[in-house]
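A short write-up of the structure that comes next.
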Amino acid sequence: MKACPKEKRGFTLLEVILSLAIFLLLITAAFSVVGASTELMAEVSEAQNDSALKFGFIETCRVAFESTTRNSSLRFFHFPRGSDREDTYLVFGNSPSAFDVGFDNRYEITHTVLATEVLPDGFLRARVYYMSTNEYEAAAREEFTQLNSPHVDLLPRIRQLDWQFFNERSQRWENDMDIPFPNSLVRIIFDPDGASSPLETVFFHLAETE
């Protein structure tokens, strides 16, 4: 007498539902891991970009100051733009390689102007203007309110930026430069948007001979 073959048993509805639930949990977990990794990478990339901007700004300023000679001049202007804000303009004269970005040599640059200007939202931006002698003289007469010269943006948003100048005669840091200080130290304290604390650095400047 032959034995009857056993009937093949299929999956029950409960088993199918449990399998689908486990599968969905695994897929959700995988997407969560990928999403978290992508977000972390984006945050790291943004932090690196911010850091590159800050230290790139410092390095750009350092090269500019080091490019001056004893025949170069440095002038500082500041104008109130609101209750507690002011635009500042640090002007490098007779220093053609300051902030050099390869402009066409046919454009006669005699002054490079490092500006920090107040934006409508109260933040500051750091920008370099490249001017001929006539453009610079016209801009100075208008307190730098009408600037159409070629420019390059360095830092788009800064909470605060302060310039200080070391007066060797008084051995003190000054907040203004009314007279050229020979062999001066220049200090910058700036607080970029997103930074945990202000950054500070000092540059050496060879002022024009008297």
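The values are calculated or read from the model by the stated rules, or taken from the named source; none is laboratory data. From a predicted model like this one, the values you see are computed outputs, not experimental measurements. Counting neighbours? That spans all protein chains shown, and the Cβs are built from the backbone with ideal geometry, glycine included.
Residues that are basic (Lys, Arg) and either outside any loop (DSSP other than H, G, I, E, B) or at pLDDT below 80 (or both) do occur in the range 101-108.
Is at least one residue of the range 63-76 free of Cβ contacts under 8 Å to residues at least 12 places away in the same chain and assigned to a strand (DSSP E or B)? No - not one qualifying residue is present in the range 63-76. None of Ala126, Ala138 is at pLDDT 85 or above, surrounded by 19 or more Cβ atoms within 10 Å (Cβ to Cβ) and at negative phi except Ala126.
Comparison of Ser197, Ser184, Ser132 shows that the only residue that is in contact with a strand residue (DSSP E or B) (Cβ under 9 Å, 6 or more places away or on another chain), over 18 Å from His78 (Cα atoms) and either surrounded by 17 or more Cβ atoms within 10 Å (Cβ to Cβ) or modelled with pLDDT of 90 or more (or both) is Ser184. Based on what the data block shows, is Val152 within 19 Å of Gly56 (Cβ to Cβ), at pLDDT 85 or above and touching a helix residue (DSSP H, G or I) at 6+ places or on another chain (Cβ under 8 Å)? No. In the range 158-171, which residues are more than 8 Å from Arg187 (Cβ to Cβ) and either modelled with pLDDT of 85 or more or out of contact with any strand residue (DSSP E or B) (no Cβ under 9 Å at 6 or more places or on another chain) (or both)? Result: Ile158, Arg159, Gln160, Leu161, Asp162, Arg169, Ser170, Gln171. Checked against the criterion of being modelled with pLDDT of 60 or more and loosely packed, with under 10 Cβ neighbours inside 10 Å, the candidates Ser83, Ser51, Ser73 yield just one match: Ser83.
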